[in-house]
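**Student:** First the structure, then my questions, so here it is.
We did not get these values from a lab; they are worked out from the coordinates using the rules stated. It should be emphasised that the depicted structure is a prediction, and the values quoted were computed from it without experimental measurement. Because the Cβ atoms are built from the backbone with ideal geometry, glycine has one as well, and the counts that use them run over all protein chains shown.
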Amino acid sequence: MRFPSTVLTLPYFVALLFSFGMASIAHSQTTNTEGTRFRQVTPAFSVAGQLSVEDIKRAAAQGYTLIINNRPDGEGGPDQPTSVELEHAAKEAGIDYLYTPFRSGHVTEEAFNQTKMVLNKHEGKTLSFCRSGTRAITVWAMAQSALGNMHPDEAIQAAREAGYDLGRQRQTLQTLAAGEKP
């Protein structure tokens, strides 16, 4: 089968690939009518991207009893709900709420210590979130390693099964598991 020569030109092919790529990106960024996806890491811990008030109500209906917010207010612009709004929704839904914000790639000692402390004491289901879930799962893995609840490789594998690659964090997790400061 022969295609018309105009179809095979490089600019046309590049434009076609670009349009398909942009459609895929736009589709992947749309909000699911069911809300933000909760990614289960363990039976007691899940991560998510940015939550809405409706997502918090859904989390309560699914049995979550703690929400950890690792996303700084205003990071996503004016459409991002504030921590105060989300905390209010959590309290109305009977869910404990912890706000430990930090910038992507920069886990603060305070966020790490607060997360470690609350995860060590909390006995129910926890949902932790940030923009994409990466910060949330990173600080979770750090806490699990430092507390001795999971071997670093187990935490990395659990993260991988939830769709996150923490392989570059292996050395930090091993340092924490050894009881040292990274």
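**Student:** Using Cα-Cα distances under 8 Å and only pairs 6 or more residues apart, what relative contact order does segment 44-182 have, in percent?
**Tutor:** Values: 210 pairs, mean separation 39.4, N = 139.
With pairs under 8 Å counted, the relative contact order is 28 percent.
**Student:** May I ask you to order 131-137, 71-77, 81-87 by the average number of other C-beta atoms within 10 Å around their residues, highest value first? Can you show the working numbers first?
**Tutor:** Working: 131-137: 22.4, 71-77: 14.1, 81-87: 16.7.
For the peptides 131-137, 71-77, 81-87, the packing ranking is 131-137, 81-87, 71-77.
**Student:** Can you bin segment 139-182 into rounded, prolate or oblate? Criterion: square roots of the alpha carbon gyration tensor eigenvalues sorted a ≥ b ≥ c, rounded for a/c under 1.5, prolate for a/b above b/c, oblate for the rest. Each step should come with its number before you reach the end.
**Tutor:** Details: a/c = 2.30, a/b = 1.66, b/c = 1.39.
Prolate is the answer for segment 139-182, as a/c is 1.5 or above and a/b outweighs b/c.
**Student:** Now for a separate question. What's the FRET efficiency of Thr82 with Glu109 using the Cβ-Cβ distance as r and R₀ = 25 Å, to the nearest 0.05?
**Tutor:** Numbers: r = 24 Å, r/R0 = 0.97.
Result of the calculation: an efficiency of 0.55.
**Student:** Something else now. Subtract the Cα-Cα distance of Asn149 and Ala44 from 0.36 nm times their separation in residues, and report this length gain in nm to one decimal.
**Tutor:** Working: separation 105, 0.36 × 105 = 37.80 nm, distance 1.27 nm.
Length gained between Asn149 and Ala44: 36.5 nm.
**Student:** State the Cα centre-to-centre distance between segment 44-121 and segment 156-182 in whole Å.
**Tutor:** 21
**Student:** Once the Cα gyration tensor of segment 63-182 is found, what semi-axes does its equivalent ellipsoid get, as square roots of 5 times the eigenvalues, in whole Å, sorted largest first?
**Tutor:** Values: eigenvalues 118, 51, 33 Å².
So the equivalent ellipsoid measures 24, 16, 13 Å along its semi-axes.
**Student:** Right, something else. Can you list which of the GluC sites (Glu not before Pro) found in segment 142-182 are DSSP loop residues with at most 15 other C-beta atoms within 10 Å? Could the numbers behind the result be given before it?
**Tutor:** Details: sites: Glu154, Glu161, Glu180; in loops: Glu180.
Hits after loop and neighbour filter: Glu180.
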